[in-house]
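Here's the structure, in structure tokens; my notes come after.
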Amino acid sequence: MPSRSLSATGYDRAVATAARSPEDYFAGLIDLLADEPGVTPPAPAGSASRTFGSSALKVNNKIFAMLSGGMLVVKLPADRVRTLITADQGMPFDAGKGKPMKEWLAVNTVNHRAWEALSREALAFVRGAG
């Protein structure tokens, strides 16, 4: 099945007028990527299985994108993360433990096009690492 894009689904126009929060953008990503092979959407809110990672997008049971503190967080190769940080497109993600995780980027902008591109890049990276 060919991959869809936000703009190809009409999501581009809907987001421009309706989405107001990072949660709205992430919900759109979930809808967009949930049908990709091997992708598991987050557990529903209020679900009994709400544990770490249950609110993340996963591929083959490995997290590739999640929302944390209102920011999209994606798993990418360490050198790509450094490049994006240097370009001021994100910041290190440390999961609250005080030590940045070298393969995780917290995206510092709420932009559905950037979120889609980085999420697809993360999906490909994590899928290939499996």
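None of the figures in this text is laboratory data; all of them are computed from the coordinates on show. For clarity, every value in this text was computed on a predicted model and none was experimentally measured. For neighbour counting, all protein chains shown are included, and Cβ atoms are generated from backbone atoms with ideal geometry for every residue, glycine included.
Summary of values
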item	result
Local electrostatic count at GLY90 - Lys and Arg +1, Asp and Glu -1, tallied over other residues with Cβ under 11 Å	+1
In nm, spacing of pseudo-spin labels at ALA78 and LYS99 (7 Å Cα→C-beta vector)	1.2
Amide H contacts under 5 Å for GLY90, placed H, 5+ residues apart	ASN108
Computed over region 76-130, the ratio Rg/Rh where both radii use C-alpha atoms and Rh is Kirkwood	0.96
Cut-off 12 Å between beta-carbons: net charge of the residues surrounding VAL81, Lys and Arg +1, Asp and Glu -1	+1
Summed side-chain charge close to ASN60 - residues other than ASN60 whose Cβ falls under 14 Å, Lys, Arg +1, Asp, Glu -1	+3
